[in-house]
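Contents: one structure, followed by commentary.
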Amino acid sequence: MMRLPIIYAFSLLLMAGSVSAKAVHLYNDDTNGKADTIKKNGYSLIFVSKDPNLDPVVKQKLIDTYFKVYPTLVKTFNKKSTKDVLFVVDTAYKAVAEASGNRILFSAGYMKAHPYDTDVVTHETMHIVQGYGYSAGPVWLTEGIADYVRYQYGIDNAGSKWSLPDYNPKQNYTNSYRITGRFFLWIEKNVKAGTIKKMDAELRAHTYNDATWKELTGKTLDELWADYAANPLIKT
Ligand SMILES: [Zn+2]
């Protein structure tokens, strides 16, 4: 999931007035739980859990996944990404997880029910690396890239029973997440390797538009999807 960029959220606060009080509230909100700071090879992670019953094994796996995956994503996609990230595990948050600025919010309830799904970290930290800002491209594209990246760089997708779903005719690329992620894997393997990395860079530079697909692959997005639907088998 992807939240509005932090600068946009901040401007909303400005519009709402009493900025300092709300900013302080947000800060307190984030540091209410027990905070640990972990540093490794130039990267840091502040880990806040508001769930006193968070399984320490799950906590450690989230931390390990960050230090294993995030530096690779930064080096591969966007070397200007922040090296300081905040994880907050919140009992009041009911979705799965979301990224906003350099903060990733995890649902304590979701992590309790899905303790093996630690590659949520891979998807969400990719959103930090993406850092597209406001209105760079469609949401399905941002989310499809994040799930394609989870597929390629996740450390234990099999262990969390996470996989890309097979193609079926009811799908469309706008379905987002794993359905779009599998289409992107197909583009990488069957059409042109390196397309998704270039697409990510175009989105970050705000140069993405409908013509970008043809520029990068020789085909329009709809032509690519039609080819995919006709033969969705992914070359190995
Ligand atoms: Zn997402």
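Annotations for the structure displayed:
- From largest to smallest, the equivalent ellipsoid semi-axes obtained for segment 159-226 from the alpha-carbon gyration tensor read 21, 14, 11 Å.
- With only Cα atoms counted, the chain has Rg and Dmax values of 18.5, 56 Å.
- Rolling a 1.4 angstrom probe over the protein heavy atoms with all chains in place gives the chain an accessible area of 51 Å² per residue.
- Between amide H atoms placed 1.01 Å from N, distances below 5 Å from I104 occur with L86, F87, V88, all of them 5 or more places distant or on a separate chain.
- Loop-located trypsin sites (Lys or Arg not before Pro) in segment 135-236, at most 12 other Cβ atoms within 10 Å (DSSP): K161, K170, K235
- Mean Kyte hydropathy of -1.0 or more with a Cα span along the axis of at least 18 Å, helices from DSSP in the chain: 56-77, 139-153
- Overall, the accessible surface of the chain at a probe of 1.4 angstrom is composed of carbon and sulfur to the extent of 56 percent.
- FRET efficiency for the pair E223 and K189, taken as 1/(1 + (r/R0)^6) with r the Cβ-Cβ distance and R0 = 22 Å, rounds to 0.80.
- Reported to the nearest whole Å, the Cα centre-to-centre distance from segment 61-111 to segment 190-213 is 24.
The values are calculated or read from the model by the stated rules, or taken from the named source; none is laboratory data. On a predicted model such as this, the values are computed, not experimentally measured, just so you know. Don't worry about glycine lacking a Cβ; one is built from the backbone with ideal geometry, like all the others, and counts go over all protein chains shown. Keep in mind that these areas ignore ligands, DNA and RNA; they rest on the heavy atoms of the full protein, side chains included. Shrake-Rupley method; radii C 1.70, N 1.55, O 1.52, S 1.80 Å.
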